[in-house]
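Before any comments, here is the structure.
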């Protein structure tokens, strides 16, 4: 009579699901050891995998089984009974540990890029190293815009593009060139101003969407339409794309009193 040996091992499975552990064990048994399997769930935290050689009478292999107990705090205990050799059992443990090491490494990377404050500090330091400065609130806005566009935080490899995007925005000459290329600015003949100053007096033009283009003001910024000075908002101008990825837009102004929009050239 063949002696049946029981061997057990416990693992910290982190965020890996019960189903993943089950499929991993079944895969090794079937593809590496060339055995057939029959899996039974015995409860919410207990699973049994019976394994057998199809060329041998199944009745004499009925005690060949792997029992998986899911313990609290993301741990499992695996008990192996039957005719698997010590070498085969060692291979099973190694396969599971290799998978779990990969998962732990992935979790470490995700934790590194999931902290918004760390991302903001990285952006600020990178911009500083390139000879520019950026306020914390501006870096925060960059990340908020990225999240709004892509519904996630940026990955490590994407931070360099964000830094480049900010430097592009700081280059006024480049911004003006992009505005001309993207908007192909024209002055429709039927656009009328709501105040008495002429276009020549204020350097005013308008695109097809009615967004005015004016010379930068001397002194305090005010609305070119109603001359309001107190409710001026700077917003993204989505008709001016400075960088495709991550998506970075130019800026325009909007009057909080009359709703007029304009950009400064």
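The values are calculated or read from the model by the stated rules, or taken from the named source; none is laboratory data. Fair warning: this is a prediction, and the values are worked out from it, not measured in the lab. FYI the Cβ positions are ideal-geometry reconstructions off the backbone, even for glycines, and counts take in every protein chain you see.
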Query raised in the report: Of all residues in the range 79-120 being touching a helix residue (DSSP H, G or I) at 6+ places or on another chain (Cβ under 8 Å) and not in a helix (DSSP H, G or I), which is modelled with the lowest pLDDT?
Result: 83
Requested in this report: Would you check if there is a residue in the range 231-243 being over 26 Å from residue 165 (Cα atoms), at pLDDT below 85 and under 38 Å from the mean Cα position of the chain (by Cα)?
Outcome: yes
Query - Some residue of the range 188-199 being assigned to a loop (DSSP other than H, G, I, E, B), in contact with a helix residue (DSSP H, G or I) (Cβ under 9 Å, 6 or more places away or on another chain), modelled with pLDDT of 65 or more and not assigned by TED's automatic domain parsing to the domain that holds residue 141 - result: no
Query raised in the report: Any chance the range 66-81 includes a residue that's in the same structural domain as residue 13 (by TED's automatic domain parsing), farther than 20 Å from residue 8 by Cβ and under 37 Å from the mean Cα position of the chain (by Cα)?
Result: no
Report summary line: Among residues of the range 1-37 being at pLDDT 85 or above and out of contact with any strand residue (DSSP E or B) (no Cβ under 7 Å at 6 or more places or on another chain), the residue nearest to residue 56 (Cα to Cα) is 34
Query - Scan of the range 145-154 for residues that are surrounded by 12 or more Cβ atoms within 10 Å (Cβ to Cβ) and either modelled with pLDDT of 85 or more or not in a helix (DSSP H, G or I) (or both), ordered by number - result: 153, 154
